[in-house]
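*Asks:* Sharing a structure here in structure tokens format.
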Amino acid sequence: MTSFETFFPSKNTSFNVGVVYNQGQIYSRGFDVTFNDGNGNKDHTHQLTFGISERGIAAILDQHQDGHGLRLLSGLAPTQIEVIPVTNDEATLRL
């Protein structure tokens, strides 16, 4: 197994953003998934499973936020915007 970790500043801790597992031939033997090698012999496949998804996005967002909100580099977000919440006495914005 290989694990990908990053530092999560908002929580002052490490954060797992993904893993890669070497499954070997465990599932290919169970489901009889085979291939023919260059010599014409059959063998079971070797498999990897991996997961890197929304955890990576969460890590990017946490790395680029501060007390004023999200601030991405201009290379990632060439158009800068600012969201201004508008509330009145009857409605309250809760984050």
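*Asks:* What share of Cα pairs, in percent, lie more than 13 angstrom apart in region 2-68? Before the final figure, lay out the partial values.
*Replies:* Values: 1572 of 2211 pairs.
Counting pairs separated by more than 13 Å, the tail of P(r) holds 71 percent.
*Asks:* Using only Cα atoms and rounding to the nearest 10 degrees, what angle (0 to 90) does helix 54-63 make with the longest principal axis of the chain?
*Replies:* Helix 54-63 sits roughly 40 degrees off the main axis of the chain.
*Asks:* Something else now. Taking the dipole about the Cα centre of the chain, with the C-beta of Lys and Arg at +1 and of Asp and Glu at -1, give me whichever of 74, 86, 30 is farthest to the positive side.
*Replies:* 30
*Asks:* About the Cα centre of region 2-68, what is the dipole size in debye to 20, counting +1 per Lys and Arg Cβ and -1 per Asp and Glu Cβ, all else neutral?
*Replies:* It works out to roughly 120 debye.
Bear in mind that the values in this text are calculations on the coordinates, not laboratory data. Owing to the predicted nature of the structure, the values given are computational and were not obtained by experimental measurement. Cβ coordinates were reconstructed from backbone atoms using ideal geometry, including for glycine residues, and neighbour counts include every protein chain displayed.
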